1. Is region 129-260 best put as rounded, prolate or oblate by its Cα gyration tensor, with a ≥ b ≥ c the root eigenvalues, rounded for a/c under 1.5, and otherwise prolate when a/b is larger than b/c, oblate when not?
2. Suppose we keep just the DSSP beta bridges with both residues in the chain; what percent of those would be antiparallel, to 5?
3. Would you mind checking the tilt of helix 283-301 against the longest principal axis of the Cα atoms of the chain, expressed as 0 to 90 degrees and rounded to 10?
4. With a 1.4 Å probe and every protein chain left in place, tell me how much accessible area ARG43 has, in Å² to the nearest 10.
5. If each of SER62 and GLU259 carries a label point 7 Å out from its Cα toward its Cβ, how far apart are those two points in nm?
6. Run the 1.4 Å probe and let me know the accessible area of MET202, rounded to the nearest 10 Å².
7. Under the rule a/c < 1.5 gives rounded, and otherwise a/b versus b/c splits prolate from oblate, where does region 211-315 land using the Cα gyration tensor?
8. Calculated from DSSP H runs of 4 or more alone, at -39500 (n - 2.57) each and per residue, what is the 222 nm mean residue ellipticity of the chain, nearest 500?
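The values are calculated or read from the model by the stated rules, or taken from the named source; none is laboratory data. The model shown is predicted, which means the values in this text are computed figures rather than measured ones. With ideal geometry, Cβ positions are generated from the backbone for all residues, glycine too; neighbour counts draw on all protein chains shown. Quick note on the areas: whole protein, heavy atoms, side chains included, nothing else; ligands and nucleic acids left out. Shrake-Rupley method; radii C 1.70, N 1.55, O 1.52, S 1.80 Å.
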Amino acid sequence: MDEILLVKSEMILPEIEAHLEARFKVHELWKTNIQESFISKIRDQVRGVATQGWAPQSFIDSLPNIKIIASFGVGYDGVDVDHATKRGVTVTNTPDILTEEVADYAIGLLLATARGIVAGDHYVRDGRWHQGLMSLKNRVYGQRLGILGLGRIGKAIARRAEAFDMTIAYHGRSEQSDVSYQFEPDLVELARNSDYLIASCMGGESTRNLINKEVLEALGPSGILVNVARGSVVDEPALITALQFGTILAAGLDVFANEPHVPEELIRMPNVVLQPHQASATTKTRLAMGQLMVDNLDAHFSGKPPLTPVNSIPR
């Protein structure tokens, strides 16, 4: 039976763990506090890894015989793909499955933030309605939406925004010929010409702190930022300052720089809607993501091409 190392994630459901255990001999790294010692005992037997977007170079090098890293999730910025490729290790992820869920959530966060839905809930629960009406909030319908990253998720967000008759523009690595939305090669200009900005790009060094002080200043005092990408995409201290001093109006955040730790300043702000990295968190989606991770491992160990590789390894 092929042996794999499972790097535990709370997102991987028990049903998926059961599927892994039915097909492979599973070594559960998450059950030990002495990881280096644990790995040293099994390092030669392990030929694959199941993880949730985590496999740095040192970890890859600690397992000399692995040939596949199957990542749970669309993002793999925590996996050293370049080093894995040099080592001849296939890396896979779970794209497409979570696209629609994350797009739903992005629009939900925009509505919750702009229309004050969470604040309104608290207003009623706290008994403040008896004291008078809540302050007026902000329109979403017909406004200008900027999208950072028009990949699968970005396009799904844009389709939903069309139903709100929003004017849509985007920024990314290059202009895309298959969409009618306006391409803006300068992120600062995209922010300047948007009422709301949604980040849905990949994480990693190429996008680190892409939304910075200058972008936030361009978004302006009536602007709202929604982030369903990665916490690393936003310069978090700059965002806190922008919210504190009214540089932007509000933010809806599903991801943070140092999860699960959220800065106390953000927690205290009434103009921020905070979520615990939940954009893809439905049972159906997480089961489907887990099954694709299992299927990638199964294909590899059955001598077949992986279903959703992110790198190319000669067979």
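1. Numbers: a/c = 1.73, a/b = 1.20, b/c = 1.44.
Here region 129-260 falls in the oblate category.
2. Working: 2 of 41 bridges.
Beta bridges within the chain, antiparallel portion: roughly 5 percent.
3. 30
4. 80
5. Computed distance between label sites SER62 and GLU259 equals 2.2 nm.
6. Here the accessible area works out near 80 Å².
7. Details: a/c = 3.56, a/b = 2.42, b/c = 1.47.
Judged from the Cα gyration tensor, region 211-315 comes out prolate (a/c at least 1.5, a/b above b/c).
8. On the way: 12 runs with 111 residues, N = 315.
That comes out to -10000 deg cm²/dmol.
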